[in-house]
1. All but one of (1) closer than 29 Å to B:Arg242 by Cβ; (2) under 25 Å from the mean Cα position of the chain (by Cα); (3) modelled with pLDDT under 95 hold for B:Val190; state the number of the condition that does not hold.
2. Anything in the stretch D:436-453 that is more than 12 Å from D:Cys353 (Cα to Cα) and assigned to a loop (DSSP other than H, G, I, E, B)? List them, or say none.
3. Out of the residues in the stretch D:123-138 that are more than 7 Å from every other protein chain (Cβ to nearest Cβ) and small (Gly, Ala, Ser), state the one that is nearest to D:Pro9 (Cα to Cα).
4. May I ask you to list the residues in the stretch C:1-54 that are more than 28 Å from B:Leu29 (Cα to Cα), facing another protein chain (nearest Cβ under 7 Å) and part of a loop (DSSP other than H, G, I, E, B)?
5. What helices (runs of 4 or more DSSP H), lying completely within the stretch D:1-70, carry at least 3 residues that are under 24 Å from D:Lys104 (Cα atoms) and modelled with pLDDT of 90 or more?
6. From B:Pro249, B:Pro279, B:Pro217, B:Pro258, which residue is in the same structural domain as B:Leu170 (by TED's automatic domain parsing) and touching an Asp or Glu at 6+ places or on another chain (Cβ under 6 Å)?
7. So which pairs qualify, if the first residue must be in the stretch B:5-22 and surrounded by fewer than 20 Cβ atoms within 10 Å (Cβ to Cβ), the second must be outside any helix (DSSP H, G or I), the Cβ gap must be under 6 Å, and the two must be at least 6 apart or on different chains?
Amino acid sequence: MNPNDYLSAALLITGAVFFLAGTLGLLRFPDVYTRLHALTKADNVGLGLMVVGLAVQAESWSVVGKLLLIWWLVLIAGASVAHLIASGALQRGIRMWKP
Amino acid sequence: MTLLTWIFDSLLGLSLLWLAWRALACPNLFKAIVLFVAFGLLMALAWVRLAAPDVALAEAAIGAGLTGALLMAALAKLHPTEAHNDFAVPPEKNVTKVWSWQWLPAITILLVTTGLGYVVLSLPPYATGLSTEVAANLEISGASNPVTAVLLNFRGYDTLLEIVVLLLALLGVWSLNSADLDHKAAPGIVLDTLARLLTPIFILVAAYLLWVGAHAPGGAFQAGAVLGAAGVLLLLAGWRPRTGLMALPLRLVLVIGPAIFVIVAMLTLLIAGQMLEYPPTQAGALILILETAATVSIGVTLAALFLGGDPRKNNRNKNHT
Amino acid sequence: MSTAFLYALVGTGLFALGLYALIVHAHLLRKILALNIMGSGVFMVLVALAKRTGDAPPDAVPHAMVITGIVVAVSATALALTLMLKLNAKSGHAELPDDRRE
Amino acid sequence: MGAVFTEFPWGVILILLPVTGGILCFLWPQIAKITGLFIVFVVALLVVGLAWQIFNNGVYRHAVGGWGAPLGVDLYADGLSLLMLAITALVGMGVSVYSAAYFKHEQAAQFWPLWLLLLAALNALFLSADIFNVYVTFELMGLAAVALVALAGSREALGAAMRYLLAALLGSLAYLLGVALLYHGFGTVDIALLVERAEPSPVIWAALGLMGAGLLLKTALFPLHFWLPPAHASAPTPVSALLSALVVKASFYILLRLWLEIFDPLVGGAGVEQLLGLLGAAAILWGSVQALRQTRLKLLIAYSTVAQVGYLFLAFPLVAAAGVSAWSAVTYLVLSHALAKAAMFMAAGNLLCFGGHDRITDLDRVVQRLPLTAAAFALAGVSIMGLPPSGGFIGKWLLLEAALMQGRWDLVAVMILGGLLAAGYIFKVLGYAFTQADISHESKAVPASMEWTALLLACGAILLGFLAVPVLSLVGIGDPFGIGEVRP
C-alpha cells in the first residue's frame, strides 16, 4: 500500500463512522425532526469524506468531477427532501419533541 | 472468494430476504412501499456484486425509483383522506387471513423452494453461456458494451416487442383513467427550485447515459428512466404541459421509439433480407438512432404512467360539460 | 459456495417469499408488491448464474434479458396499480371480491 | 412471380404490420376502425401467402438480425404454427367485423389499438422459436388481453381483469424461472438447440414443473381455471370471443410445443401425461356441471370453455399408443373450438344487445325474433357437443378412437359424459330461446353484421368437419408431432 491508499482508507473509514452515527440517530432519536437532522447532517459529511477518499484514487480529473457531481446531487436532493418531509410533518401537526 | 466478500455477500443476501419479508408482512402499506424501495436499492448493490452494472442502473432507476414512485402515487390516491392527516396510512383492515389454513401454502412453497435450491446447486459450477459467441461478434455488432450489443442487435427483436409492451401498458392505463391536467401550484418553493435546477441536469445525465451505453454501462433504458424521473419530478412540482400539446404531439413522442424500431425492422428486412440485420459499417449509427428514439419514448411513457391517465380524455370531457 | 450460487439461492428465496405473500394477502397493493419481489427473485437467478464464468466477464445475455424483464415489470405494475385504483373507485375496496372478509 | 411469393418474408410482416396498425390507431383514433379492419384483412392475406410458402418450401425459418440461434432469435413456422396463425386470422376477421358495429366512439378508439397489438402478440407467439422471446410475447398478450377485459368498465369486469392480470403475471414469472434454469443448464433459449442439448437432469424436471405450472395457469386447466369464467364472462363480447377462441389456445400451443419437443423425449412415460389427462378429465366434468348450473348465458359459455380446454389435455395420456389420432384430435379440437366458441360468444353478445341482459330463463322467443343469432348459437352448439358433421365431432371422434384403441375406458366414459353434459347446457339455452318469458322486455335492434359474423363463424365450425383431409395434411408439414419417428 502506498501513502495514497492509507489516506483514502482513513477518509473512507471516517466517512463510514459518520454514516454509522447518522443511522444510529435515525433509529434512536425521538421524533421525525431530530431524525432528519441526524440523517442529513451526518450522511452529507460522511458521503463527502467518502467522495474525497475515492477521488484520491481516481485515475483522471473527469472521474473526480463525476464524484463531486454525485456528492452535490445527493446534498441538494437530501436537503430538499428533508425540508419537504419536515414541512409536511409540520403541516400535519406533528409536534416537536421536547425533552 | 475471500472471507470478507463472503461475509458481505451473505449479509447482503440476508438483508434482501429480510427486507422482502418485511415489505410483504408489515401491516402498514406506506412502510411496506418504503421498505420495497430500500429493497430495490439493495438489489442494485447485489447486481454490482454480480458484475452487472447495466442491470444495477436499470434496477435503481426503474425497479426501485419509478416503481416506488408509481406505488406511492397509487397509495396516495387509494387513501386520499388519511394520507393528509398522518404520514402513516392506517394499517390494512385485513392484512392476511384469507386462508384459514395458511400452513398449507407455506409448507408447499417451502418444499418447492428446497427442491429449486437443490436444482440450482446441481448446475455445473462453471459455464460460459453465450459469452464466447457474444464476444466473437461484438466487433461487428456496432456496440462494444456487450449488454447493449445483445439488447439492440443480437436480441433486438425482444427489445422491439418490449418497447411495445411499455406502450401497451400506457394504452391500458389511458383506457381506464383520465388525468387531471389542472395546473397545480407547486407545494413550496423548495420543490419548485429543485425541479428547475435538476431537470436540465437530468436531461444531461440521460444524454450521457445514452451516449456512453455503446461502450460502457448505460443505454436507452437507463437514460429513459432518468428522463422519466425528470418528468415525475416536474409533475410533482405541479408542472403540467399545455393542453394543446396533449393530442397528437404527445402521442407522436410516445410512439417514436416503437415506430422507429418498426421502420428500421422493415427497412433492414427490405435491404438485408433479415429483420433488424444491420450492415456492420452502419450498425453503430443505427443502434444510436434506435436508442435515442427509445430513450425519448421510454422517458415520456414512464412520466405519463406516473400521471396515470389519458390527459386528452379529460380535456374533452371538460368541453362536454 | 461461490458468489453465483449464493445469490441464486437468495433469488429462489425471494421467489418463494413473493409467492407466499401473493397467496395469503388480500390487499391488491400487497399482491402487486409480492409479484414485483417474485420478479426480482427470478431476475436474480438469471443474473447470478451468469457469473459462473470464473474470472472472465459474466455472460451478458441474461443481463440483457433482465433489463427487458425490468421494463416489462414496471409496465405490468403500472397497469395493475391503475386497475386497482379503478376497482377501488367502483367497489370501495382494493381487494378482489372473493378474498374480502366481510 | 412465384419466386417473389415463395421468398417474401410473410412471417415477419405478420408481426410488424399489426404493430404498425396499433401505432397508427393510437395516433389517429378517428380512423382507427378503418385502419384496424384493413390491417386485419391484410394479415389474413399474409397468412395465405405464408401458407403458400410453407406448402412449397417446407418449414419457414427466419434468423432475426441474421445471427441465428443461439446468439439471435429465430422465427419458425411449421404446419401447426400455420394452422394457429390461420385460425387467428379467421377468428380475428370475424371479431373485427363484429367489433366495427359493437364498439362506439370512445370505446372504439381504445379497442382497436389494443386489439391490433394483441394480434401482433398472438402472431409473434405462434412464430417464435425462442423460449425467452415467448415470455415477452406472453406479456404483450397478457397486458393487451387484460386491458381489453377492463374496457367493459363494470365493477365485475374490473375485478375480473385484476384477477386475470395477477394470474397471467404469476404464470409468466413461473415460466420465466423455468426459462432461466433451462438457459443456465444448457446455454441456449432456442427450442431446436435445447432439443439437441437437453438431457435428463434435475434442471429438466424443475423447468417442466415451473413452465408447466405457469402455462397451465394461463391455459386455465382445472383447478387453475379460477380466473377464466369471470374474465371471459364480463369482458365486452368481441373480447370474450378473442380470449376464449385464441388467447387460451396460445399458452396451450406453447405447452404442446415444449412438451413435444423438449420434455416428452426426456421424461415421457413418467406419469406427467397421466396427471395432465386426469386434470383434463376433471376439467371436463367440473366445467360442464358448472356450465349447467349457470343462470347467465355468458358465464355458461365461459364455463364451457373450462370444460373444452379439458378435452385438449385428454390427448396427452393417449399419445403413447395412438400418436397420430390423438394429436390430430387436439389440432381439430383447437380449431373447431376456436370457431364455435367465438360464434357462441358473439351470439350471446347479440342477445345481450337485443334484450339488454343475458339471463337464460328470460330469453323470450329469440328464435323467432333473432333467427340468425339463434341459428349461430345452435350450430356452434353442435360443434361444442361434438355432433356430426361438425369440426368438434371429428376432434372428439379421433380422441374417442384413440382412447378405445388403448382400452382407456375411464377416459371414454368421461368423454361421453362430457358430451351429454354439453348437450344438457346447450339445449337448456335453446329450450328457453323457444319459450315465451313471463314478462316481456323492450328490445333493441342488433346490427346485421353482428348477426352474420356469428353465423358465418358457426358455419365455419361445421364446415371444418368436411375438411379433415386437407387440414390434417397441412398440420403434418414439418412433422410438429414427431409422428414420423416410431416411439418405443
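1. With (1) closer than 29 Å to B:Arg242 by Cβ; (2) under 25 Å from the mean Cα position of the chain (by Cα); (3) modelled with pLDDT under 95 applied to B:Val190, the lone miss is (2).
2. D:Gln436, D:Ala437, D:Asp438, D:Ile439, D:Ser440, D:His441
3. Of everything passing the filter in the stretch D:123-138, D:Ser128 is nearest to D:Pro9 (Cα to Cα).
4. C:Ser2, C:Ala50, C:Lys51, C:Arg52, C:Thr53, C:Gly54
5. So the answer is D:10-27, D:32-57.
6. Going through B:Pro249, B:Pro279, B:Pro217, B:Pro258 in turn, just one is in the same structural domain as B:Leu170 (by TED's automatic domain parsing) and touching an Asp or Glu at 6+ places or on another chain (Cβ under 6 Å): B:Pro217.
7. Filtered contacts from the stretch B:5-22: no entries.
Conditions (1) touching a Lys or Arg at 6+ places or on another chain (Cβ under 8 Å); (2) at pLDDT below 90, marked per residue:
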site	(1), (2)
D:Leu411	no, no
D:Gln436	yes, yes
D:Ile439	no, yes
D:Ser449	no, no
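The values are calculated or read from the model by the stated rules, or taken from the named source; none is laboratory data. Bear in mind the structure is a predicted one, so any value in this text is a computation, not a measurement. Here Cβ is always computed from backbone atoms with ideal geometry, including for glycine, and neighbour counts include all displayed protein chains.
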